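Data block below; observations after.
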Amino acid sequence: MGGNQHTPIGANLDTLPDLSDQCGKVNARPWEELTEALAHADVILSTTGATEPVILPAMVEKAVSQRKGKPLFMLDIAVPRDIHPDVAKVKGVFVFGLDDLDEIIALDAQTLQLRHRFGLGLLYGVLHLAVVGDELYAGDTGNDRLQVFSLTGEHRRSITGEWRSPESLCFAKDRLYLVERPHPAFPLQGSRLLVLSLQGDLLQVVTHPTEPTAVFHSICCFDRKLLASYRCREPAGPPWKCGVLALQGL
């Protein structure tokens, strides 16, 4: 992605989501053009299902040589990691992974210069953020709570409730929508979508209407719908199948 343009990249362009209404200018590209896309991006978000790193030092070095000194920020939220560890050694490249998500870093939207950094020592494994008015809600997964900051980094309050390990979070229509990280000791975690007030009170619980084994992983608001990705076990055949549940009227 670069500036106001977003560039989703995948092995199959037909499976990439249409983000034009939500993200403005979108230019989807095939996997073979990844190295070229790196040369023109400002921020890279990588989350594939690969079992080995797919972004390697050689391709990043080639991309950096064309960037005329512009920094490149890379966020790897895949498990296992998509970005090879040695990529972080390339000059001008800044790599962040799930292990680094204990601090929030705010950059200037135009220059990408550092504006604020906060939350260090308070957060443990933040995976999702949601802006609500003049406040920033952070899903503090490891501490089983939401942390609320001003947009300049002042910590205002912590919120706990009838939920644990907030993994995915979004905001719409004065409500927070939350998915918990799955945990074998707590079978309900991951199997439900939680609708919360801005104070963290539980207002509604939603489960998959037809797939009782569905485990939710991420949520977002798009085209007046709440979209929740999930996977579930098949009674026969492959062990898991994946899908997206679209909900209205919550």
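The values are calculated or read from the model by the stated rules, or taken from the named source; none is laboratory data. Every value quoted in this text rests on a predicted model; they were computed, and no experiment measured them. Methodologically, a virtual Cβ is constructed for each residue, glycine included, from the backbone with ideal geometry; neighbour enumeration extends over all protein chains shown.
Key figures for this structure:
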{"item": "Meets criteria (polar (S, T, N, Q) and either touching a residue at least 40 places away in the same chain (Cβ under 8 Å) or closer than 14 Å to Ile9 by Cα (or both)) for Ser65", "result": "no"}
{"item": "Residues that are small (Gly, Ala, Ser) and either modelled with pLDDT of 95 or more or more than 24 Å from Ser46 (Cβ to Cβ) (or both), drawn from the range 112-129", "result": "Gly121"}
{"item": "Every residue from the range 131-150 that is closer than 12 Å to Glu167 by Cα and not in a loop (DSSP other than H, G, I, E, B)", "result": "Ala138, Gly139, Asp140, Thr141, Gly142, Asn143, Arg145, Leu146"}
{"item": "Residue match in the range 184-192 (condition: in contact with a Gly (Cβ under 9 Å, 6 or more places away or on another chain) and not in a loop (DSSP other than H, G, I, E, B))", "result": "no"}
{"item": "Single match in Ile105, Ile159 (criterion: in contact with a Lys or Arg (Cβ under 8 Å, 6 or more places away or on another chain), outside the structural domain of Gly49 (by TED's automatic domain parsing), at pLDDT below 90 and of a type outside the set (Phe, Trp, Tyr))", "result": "Ile105"}
{"item": "Test result for Thr207, at pLDDT 90 or above and of a type in the set (Ser, Thr, Tyr)", "result": "yes"}
{"item": "The listed residue being more than 20 Å from the chain's Cα centre (by Cα), without any contact (Cβ under 8 Å) to a residue 40 or more places away in the chain and either crowded, with 19+ Cβ neighbours inside 10 Å or not in a loop (DSSP other than H, G, I, E, B) (or both), out of Arg157, Arg117, Arg81", "result": "Arg157"}
